[in-house]
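Okay, so here's the structure we're looking at.
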């Protein structure tokens, strides 16, 4: 067996790359499920552990701190150690964390379990993108990675209405233990079936031209072109995971009086928008604009408009309009990420593609780790009554995210892209 996987010198079977892609896509589905599931379970967690909004933010953000910190070394591991080994080992660790979370007797253990889940699942997306870079050419990359992001949208969907059904039928503890077991099974499939690259294709890069462990990272962080894009990813992650990954659920319940199932249905619109927007924006970027910046700027501008609507008409929007707004956030506030990752990859040579994507991803999850407890802190300054926060508490939160969206737009305006290979 080769270091890259079970296939060594024989030519790959036709379509085998799609078998590999399917396994990685299922892995990423579960990554997203764990990432955003607290948005629907916020009240369950508050009742189970008797915690405040700030503590809820700390519990949920326990996933994001190790996830963010691991993005830089994970990119290095994906380039130097191999994607198959990296994903297998770390996803197994994440599975153990998920099972522990379901069994957690108190807030401290639950937070530690979320940290373990975040640490383990941190090493799925970037190595998966590295595998896609090996199996798919430059003309296919943004489109294929858009499909991968769409599977993240499926994971978001599973964490909405289906999660509401599962927790109602089995309880949130049994549900998470089962999801952890499934994660462990997928890590085994990754070890048995995933191959890092077609035989012979990446031999030169992996052996002769591969940079040293920290050389690639140094090239990324010393590039002036990288930093505006890094800023965009920072504010992008703060919005996506700070609000939609946790506080959107309590917002819909407290301000608009939606039930848990209705919240799940509304959050599912973000997932649907992601599934549509990821592939669509990737194709538009590849084939219509032949570039990344224009598409990212347009999506970021649309996100600013959406936040203006939420802020200006708080408490006066219909439930039907929320379906449209959340769908658009899925398209332009999450689906656009695939174009951002393509822009990061294209700034640098192929041999450090994993490192470049990992560095960009670091900033997205660093902000998620900061925004979730920051939002909880703002909520607690107003205070809750009977387990619910008043509308004025959410007014401060919506203003925070509106300002954040403006900073995101400014960063992408300063970005200078490198033309993709054709």
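Among the numbered criteria (1) out of contact with any helix residue (DSSP H, G or I) (no Cβ under 6 Å at 6 or more places or on another chain); (2) at pLDDT 90 or above, which one does residue 215 miss?
Residue 215 satisfies every listed condition except (2).
Suppose we filter 305, 288, 276 for residues that are at pLDDT 90 or above and surrounded by fewer than 24 Cβ atoms within 10 Å (Cβ to Cβ); which single one remains?
That would be 305, the only listed residue that is at pLDDT 90 or above and surrounded by fewer than 24 Cβ atoms within 10 Å (Cβ to Cβ).
For the range 283-307, what are the residues that are in contact (Cβ under 8 Å) with a residue 12 or more places away in the chain, farther than 18 Å from residue 329 by Cβ and assigned to a helix (DSSP H, G or I)?
283, 285, 286, 293
For the range 26-44, which residues satisfy the criterion of being at pLDDT 85 or above and surrounded by fewer than 20 Cβ atoms within 10 Å (Cβ to Cβ)?
Across the range 26-44, the qualifying residues are 26, 44.
Could you tell me whether residue 8 is more than 20 Å from residue 179 (Cα to Cα), in contact with a helix residue (DSSP H, G or I) (Cβ under 8 Å, 6 or more places away or on another chain), surrounded by fewer than 23 Cβ atoms within 10 Å (Cβ to Cβ) and modelled with pLDDT under 90?
For residue 8, the condition - more than 20 Å from residue 179 (Cα to Cα), in contact with a helix residue (DSSP H, G or I) (Cβ under 8 Å, 6 or more places away or on another chain), surrounded by fewer than 23 Cβ atoms within 10 Å (Cβ to Cβ) and modelled with pLDDT under 90 - is not met.
I'd like the residue in the range 112-155 that is under 18 Å from residue 64 (Cβ atoms) and surrounded by fewer than 21 Cβ atoms within 10 Å (Cβ to Cβ) and, out of all such residues, is farthest from the chain's Cα centre (by Cα).
Going through the qualifying residues, I end up with 112.
The values are calculated or read from the model by the stated rules, or taken from the named source; none is laboratory data. Predicted model only: the values in this text are computed from it and were never measured. As a convention, Cβ positions derive from the backbone with ideal geometry for all residues, glycine included, and neighbour counts pool all protein chains shown.
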